[in-house]
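Structure record follows, encoded as structure tokens.
The values are calculated or read from the model by the stated rules, or taken from the named source; none is laboratory data. What you see is a predicted model, and the numbers here were worked out from it, not measured in a lab. Using ideal geometry, Cβ is built from the backbone for each residue, glycine included, and neighbour counts are taken over all protein chains shown. What goes into the accessible areas is simple: the full protein's heavy atoms, side chains included, and nothing from ligands, DNA or RNA. Shrake-Rupley method; radii C 1.70, N 1.55, O 1.52, S 1.80 Å.
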Amino acid sequence: MALKSAYLQGVLETVKKRNPAEPEFHQAVTEVLESLENVIEKHPEFQAAGIIERIVEPERVVMFRVPWVDDSGKVQVNRGFRVQFNSAIGPYKGGLRLHPSVYLGIIKFLGFEQVFKNSLTGLAMGGGKGGSDFDPKGKSDGEVMRFCQSFMTELSRHIGADTDVPAGDIGVGGREIGFLYGQYKRLRNEFTGVLTGKGLTYGGSLTRTEATGYGLCYFTDAMLRDVGKSFKGATVVISGSGNVAIYAHQKATQLGAKVVALSDSNGYIYDKNGINLDTVKRLKEVERKRIKEYVKEHPQAEYHEGCAGIWTIPCDIALPSATQNEIDKASAEILVKNGCFAVAEGANMPSTPDAVEVFLKNGVLFGPAKAANAGGVATSGLEMSQNSMRMAWTFEEVDAKLKDIMENIYANARDAAAQYGNKGNFVAGANIAGFLKVANAMMAQGIV
Ligand code: NDP
């Protein structure tokens, strides 16, 4: 479907032509431009200054060779990326993803989304993203360390505490951030807050590990409260069993919900009594095992091969927290049919565009990723502040700030949606609210 504005449609066509074979990037840009129709109509000055043409073009793309030696002595070569998308409101900020599916188009889509997400947090952070097609699964600690050291050897030239501050994403947790930080420090001989998600003994922030999952629940809770609902007594399905999923489970449970399903890239578990988080945390965080091992310890639970089946489990609230495009139209229709009344995205772009349409058409409360999962990067921003001050806040202090930020994000997305003629559509609201701050900063800074 063509966009109403010929200007926006023209920009979209150029993006597709200039970035061929990058469907995830096209998808992310299309969604944002669709949301901006009314904004462009009200603000012709953005068109005059070429804001849209500039905002869809990364400021810088770095792509590099990452050679390392595996445990058998064989040389391996991966490809590394850092996309520095937009620095209008602060240093580039965004995670690093290690997954075999990573290629330039994935990193661009994530970097583009990050620009608006970071703006929504209200903190001074531009947008960027990076990663590699390296697969940490099945690798020894030594192999992961050698890969991280090689990756950072090149990346270190392009980042800095006031330039670009990477963090974790899929495949990058505390272990990887430690190896990356150690190598940066060794190369540059400086102890700065150049990465976030650091360990607590070397500059990390309390609550960072929990932040994306907790923030997702704070956002969802605010959205539910607005219509007189809550997590209390609700049945929740969460996909994934990584960092976001685990802490979303923990917070949803604290808020009175029962989480009955989790997954990994092989399949999903269903436990009608509620999934035991201690078992999952041990299996995934300590033993690095597959989710199917859960049923060995909890024989009342079921394991099913394949990921999509998780959305057939009846639930009140769904929190997709694994990866992009994991809920398609058919899965969305099943969720609606089973009475699901709220969906909030822990992962980045987990719902396909026609799945989102199904949710919105059926009045499902829908929290889009760039608003709902912004708690991770917001707390990374708080880690940067603590590093700059050389101070550390308590868990309660950071958690309170995180909750406040998520509630503000919800209110801003809701209000922007209403103000620009899209009441109740938080996809449009988040895109508009995130866009306006960046666009105004770009306007003030001239043609750069
Ligand atoms: P983790 O690596 O900790 O966990 C990812 C989980 O998703 C794992 O259970 C993994 O299963 C599953 N998964 C990954 N890829 C696929 C796939 N292609 N198909 C099915 N399942 C898959 O990552 P995070 O929890 O950090 O990230 C999850 C999502 O949240 C991502 O979209 C990320 O961009 C987003 N996000 C993360 C933030 C953070 O702070 N960590 C912040 C904001 C967004 P398996 O183990 O089998 O690979």
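See the values below:
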| item | result |
| --- | --- |
| Per residue, in Å², the accessible surface of the stretch 211-367 once ligands and nucleic acids are set aside, probe 1.4 Å | 38 Å² |
| Contact order relative to length of the chain, as percent, for alpha carbon pairs under 8 angstrom and 6 or more apart | 15 percent |
| Cα centroid separation - the stretch 324-340 against the stretch 372-390, whole Å | 33 Å |
| Dipole magnitude of the chain, debye to nearest 20 (Cβ charges: Lys/Arg +1, Asp/Glu -1, about Cα centre) | 560 debye |
| Accessible area in the full protein assembly, largest first, 1.4 Å probe, for MET125, MET63, MET145, MET384 | MET63, MET145, MET384, MET125 |
| All lysines inside 17 Å of LYS74 as judged from Cα atoms, apart from same-chain residues fewer than 8 positions distant | LYS139 |
| Residue among PHE359, GLY339, ALA308 farthest towards the positive dipole end of the stretch 211-367, charges placed on Cβ | GLY339 |
| Anisotropy class of the stretch 1-71 from Cα gyration tensor, a/c 1.5 cut | prolate |
| Value of relative contact order over the stretch 211-367, rounded to a whole percent, pairs C-alpha under 8 Å and six or more apart | 23 percent |
| Cα centroid of the stretch 76-143 to Cα centroid of the stretch 224-279, whole Å | 26 Å |
| Entries of LYS403/LYS437; LYS16/LYS229; LYS17/LYS198; LYS17/LYS437; LYS16/LYS258 with Cα pairs more than 31 Å apart | LYS16/LYS229; LYS17/LYS198; LYS16/LYS258 |
| Heavy-atom accessible area ranking, 1.4 Å probe, most first, across HIS249, HIS99 | HIS99, HIS249 |
| Tensor-based shape of the chain (alpha-carbon gyration tensor, a/c under 1.5 rounded, otherwise prolate or oblate) | rounded |
| Sequence of PHE134, PHE179 when ordered by accessible area, the most exposed leading, probe 1.4 angstrom | PHE179, PHE134 |
| Helix-only [θ]222 nm of the chain, DSSP H runs n ≥ 4, -39500 (n - 2.57) each, per residue, nearest 500 | -14500 deg cm²/dmol |
| Coil-residue trypsin sites (Lys or Arg not before Pro) of the stretch 137-176, DSSP, other Cβ within 10 Å capped at 15 | LYS137, ARG157 |
| Accessible surface of THR153 - all protein chains present, 1.4 Å probe, nearest 10 Å² | 60 Å² |
| Size of electric dipole in the stretch 1-124: Cβ of Lys, Arg +1 and of Asp, Glu -1, about Cα centre, debye, nearest 20 | 400 debye |
| Relative packing of peptides 28-38, 301-311 - highest average C-beta neighbours within 10 Å first | 28-38, 301-311 |
| Dipole magnitude of the stretch 196-332 about its Cα centre (Cβ charges: Lys, Arg +1; Asp, Glu -1), debye to nearest 20 | 260 debye |
| Dipole axis of the chain (+1 Lys, Arg; -1 Asp, Glu on Cβ), positive-most option in SER87, LEU436, SER156 | SER156 |
| Length-normalised contact order of the stretch 319-406 in % [C-alpha pairs under 8 Å, at least 6 apart] | 27 percent |
